[in-house]
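Notes follow once the structure below has been shown.
The values are calculated or read from the model by the stated rules, or taken from the named source; none is laboratory data. None of these values were measured; they are calculated from a predicted model. Note that each Cβ is placed from the backbone with ideal geometry, even for glycine, and that neighbours are counted across all protein chains shown.
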Ligand code: SF4
């Protein structure tokens, strides 16, 4: 077996080949890392993300452009709301953190808001770590880090991540703050949007935990990353901030598992035919063959999480795969992988009658026939 450094270099070389000659790697951001948790078993997504393929460009080249991205209007409105939340040295934001997460602490007054300016992502990451160390050295005070930069090792290369804010509490613990422009109506928001925000925050929490581990030897008590984050949104349809504490333990566990799996993209790369390449410059036919050479597990959740969703949905429907009906249905059907298999099993033409899924389908078919007969009488 070659030494680890040689293997790492070989993998980087292989991933560059998959991306295509002279195609720069697309850096992974928290949104992309978080989306991995939305479809944990997809080898296609894992290899494309691991190789730094620009999936938006790939989807367009395949003829199924993604419907992702915020409008300029939404971006401007989101930025204005964030600026409002962080105005006056983050007074309102810190008040919300105190109210929702740490009522027993002294109310925030004269919080530190250090300047995190530095050159390049590496410089900003180092600057953030320095300020977190500084905050740990001054327990009893509140500190607001506005747009800190964190690094997370993903498949051997660092992904740089920028949370909206991180707050250091007087007890030395750290909270991730996510500021979103969807509304909190009567204290609750669209669960799908809250779920996406929680998955994104979980990525930041994992990156912060790596910083905490590094600082653990230098500070007492060791820094603690809170697993309840603060989600700040506009209240009802106003521009006033409202906040909710969100428990992200589940999302953190799933994302951590996924990231560990991403480091094994080498295994997926090894199964691909020699010469496989995902460059958007290739003819659509060749590109389609390359993409189809990696197994995918399409599910309706992909539509809100992956740029290739329209392509994979079309393929999944073409093959009659039951995954396109959603994971709960898929789980109920056991080994029956296509709609054709399911119908044949229900009609009694195929399938093992002792298989609980087959037995349930046959029972359902009988009940349906009885109901139809009764309706026609
Ligand atoms: S859209 Fe396709 S590539 Fe993306 S996660 Fe779903 S199945 Fe995988």
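Odds and ends about this structure:
- Condition check for residue 281: away from the ligand (no atom under 16 Å from the Cβ) and outside any helix (DSSP H, G or I): yes
- When residue 292 is tested against (1) within 15 Å of the ligand (Cβ to nearest atom); (2) surrounded by 15 or more Cβ atoms within 10 Å (Cβ to Cβ); (3) within 30 Å of residue 22 (Cβ to Cβ); (4) modelled with pLDDT of 90 or more, exactly one condition is not met: (2).
- Qualifying residue in the stretch 253-275 (condition: within 20 Å of residue 35 (Cβ to Cβ) and at pLDDT 95 or above): no
- Residue check for residue 346: in a helix (DSSP H, G or I), more than 13 Å from the ligand (Cβ to nearest atom), modelled with pLDDT under 90 and surrounded by 15 or more Cβ atoms within 10 Å (Cβ to Cβ): no
- Of all residues in the stretch 304-322, those satisfying the criterion of being free of Cβ contacts under 8 Å to residues at least 40 places away in the same chain and more than 8 Å from the ligand (Cβ to nearest atom) are 315, 317, 318, 319, 320, 321, 322.
- Checking 59, 51 one by one, the residue that is in the same structural domain as residue 301 (by TED's automatic domain parsing), over 15 Å from residue 306 (Cα atoms) and within 16 Å of the ligand (Cβ to nearest atom) is 51 and no other.
- Helices (runs of 4 or more DSSP H) lying entirely in the stretch 9-123 (those with 2 or more residues that are surrounded by fewer than 18 Cβ atoms within 10 Å (Cβ to Cβ) and modelled with pLDDT of 90 or more): 55-61, 72-85, 87-101
- Scope the stretch 170-220; condition more than 18 Å from residue 126 (Cα to Cα), part of a loop (DSSP other than H, G, I, E, B) and either out of contact with any strand residue (DSSP E or B) (no Cβ under 9 Å at 6 or more places or on another chain) or not assigned by TED's automatic domain parsing to the domain that holds residue 237 (or both); matching residues: 170, 186, 190, 220
- Residues satisfying the criterion are present in the stretch 244-252 (criterion: assigned to a helix (DSSP H, G or I) and crowded, with 17+ Cβ neighbours inside 10 Å).
- Taking the criterion of being over 26 Å from residue 139 (Cβ atoms) and surrounded by 20 or more Cβ atoms within 10 Å (Cβ to Cβ), the residues of the stretch 196-239 that qualify are 196, 197, 198, 199, 200, 202, 203, 231, 233, 234.
- Test: residue in the stretch 141-150 that is outside the structural domain of residue 300 (by TED's automatic domain parsing), at pLDDT below 95 and surrounded by fewer than 20 Cβ atoms within 10 Å (Cβ to Cβ): yes
- The set of residues in the stretch 287-324 being under 12 Å from residue 58 (Cα atoms) and more than 23 Å from the chain's Cα centre (by Cα) consists of 287, 288, 290.
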